[in-house]
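A.B. asks: Here it is, the structure in full.
Read-outs throughout are calculated quantities, based only on the coordinates presented, and are distinct from any laboratory measurement. None of these values were measured; they are calculated from a predicted model. All Cβ positions, glycine included, derive from the backbone under ideal geometry; neighbour counts span all protein chains shown.
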Amino acid sequence: MGDEAQYLFRPMTILDVEQVCALEQICFADPWSEKSMRDEIEKNELAYYGVIVPVEDTSKVVAYGGFWGIIDEGHITNIAVVPELRGKRLGQMLVTGLMEIAKMRNIERMTLEVRVSNQSAQRLYERMGFETQGIRKKYYEDKEDALIMWCELNKEGEDK
Ligand SMILES: CC(C)(COP(=O)(O)OP(=O)(O)OC[C@H]1O[C@@H](n2cnc3c(N)ncnc32)[C@H](O)[C@@H]1OP(=O)(O)O)[C@@H](O)C(=O)NCCC(=O)NCCS
C-alpha cells in the first residue's frame, strides 16, 4: 500500500476534461468524446465525477470515474486508471471516493456494467462489495456480454 498517501481524490472539473478524454482513448474501445464529457460536467445535474491526482501535482489526472445519481441509485458510468499505475489500489481509492459522495447524496445502492472478460475490474468491484446480479447479453459494440453488478452502500466495505 503506502501509495494511497501520495494521491488524493477530488471532484473533476472542466480543466481535467482533456486529460480524462486522453485516458478514455487509451482505456476503452468506444471512448466518450470531449463534448460528452464536458456536458457531463457542465450540464448533467445527475452526474458526479471525481479524479485521483498526485498530492504534489493536483492538476495531473491519474484516474477518474463517475456516476449518475438517479433517485436512490448510483449508476457508475466510467472508471479508469492510467496503465502505468494499475494494481496499486488507485481504482479502490476512486470507487471509495465515489461511494462516499453517493452516500452524501442519499444514494442507497450502486450499480455498474463490466465486461465478462474484465477480471481486474471485477476483482476491484468485488473487493468493494459489489455482487453480480445479472448479465446483459451483447451489451458492448463488439457484442461482448456485460455483468450487472450491485452494491448496497450501507453494507459495503465495513468489515473489509
Ligand atoms: C479496472 C481498473 C480501474 C482497476 O484499477 P486498479 O487501480 O488497477 O485497481 P486495483 O489496484 O484495485 O487492482 C484491481 C485488480 O487488478 C489487478 N491488476 C490489474 N492491472 C494490473 C497491473 N497492471 N499490475 C498489477 N495488477 C494489476 C490487481 O492485481 C487487482 O487484482 P487483485 O485484487 O486480485 O489484487 C484498471 O485496471 C483500469 O483502468 N482498467 C481499464 C479501464 C477499465 O477496464 N475500467 C473498468 C470498466 S467497467
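A.B. asks: With n ≥ 4 as the cut-off for DSSP H runs, can you work out [θ] at 222 nm for the chain, using -39500 (n - 2.57) per run divided by the number of residues, rounded to the nearest 500?
C.D. replies: Here the helix-only value at 222 nm equals -8500 deg cm²/dmol.
A.B. asks: Could you give the size of the charge dipole of the chain about its Cα centre, using +1 on the Cβ of each K and R and -1 on the Cβ of each D and E, expressed in debye and rounded to the nearest 20?
C.D. replies: About 260 debye.
A.B. asks: Hey, if you put +1 on the Cβ of every Lys and Arg and -1 on every Asp and Glu Cβ in the range 1-128, which of Y49, F67, Q122 ends up farthest toward the positive end of that dipole?
C.D. replies: Q122
A.B. asks: Separation between the E18 and Q119 pseudo-spin-labels, each 7 Å from Cα along Cα→Cβ, expressed in nm?
C.D. replies: 3.8
A.B. asks: Taking Cα pairs under 8 Å and at least six residues apart, what relative contact order does the chain come out at, in percent?
C.D. replies: Once normalised by length, the contact order is 18 percent.
A.B. asks: Mean Kyte-Doolittle hydropathy of -0.5 or higher plus an axial Cα length of 18 Å or more: which whole DSSP H helices in the chain meet both?
C.D. replies: 90-104
A.B. asks: If you don't mind, another one. Report the full-extension gain for the segment K35 to W150: residue separation times 0.36 nm, less the Cα-Cα distance, to one decimal in nm.
C.D. replies: Stretched out fully, the K35 to W150 stretch lengthens by 38.5 nm.
A.B. asks: Continuing with this model, one more query. At a Förster radius of 22 Å, what calculated FRET efficiency corresponds to the Cβ-Cβ distance of E84 and E126, to the nearest 0.05?
C.D. replies: In this case the efficiency is close to 0.35.
A.B. asks: Continuing with the same structure: Using Cα pairs closer than 8 Å and at least 6 residues apart in sequence, work out the relative contact order for the range 43-89, in percent.
C.D. replies: Rounded, it is 29 percent for the range 43-89.
A.B. asks: A further question on this structure: Could you let me know the centre-to-centre spacing of the range 108-145 and the range 1-56, using Cα atoms, in angstrom?
C.D. replies: 20
A.B. asks: Shape verdict for the range 3-152, please, from the Cα gyration tensor: rounded (a/c under 1.5), prolate (a/b greater than b/c) or oblate.
C.D. replies: Judged from the Cα gyration tensor, the range 3-152 comes out rounded (a/c under 1.5).
A.B. asks: Taking the mean number of other Cβ atoms within 10 Å as a proxy for protection, how do you rank 64-72, 83-91 from highest to lowest?
C.D. replies: So the peptides 64-72, 83-91, ranked by packing, come out 64-72, 83-91.
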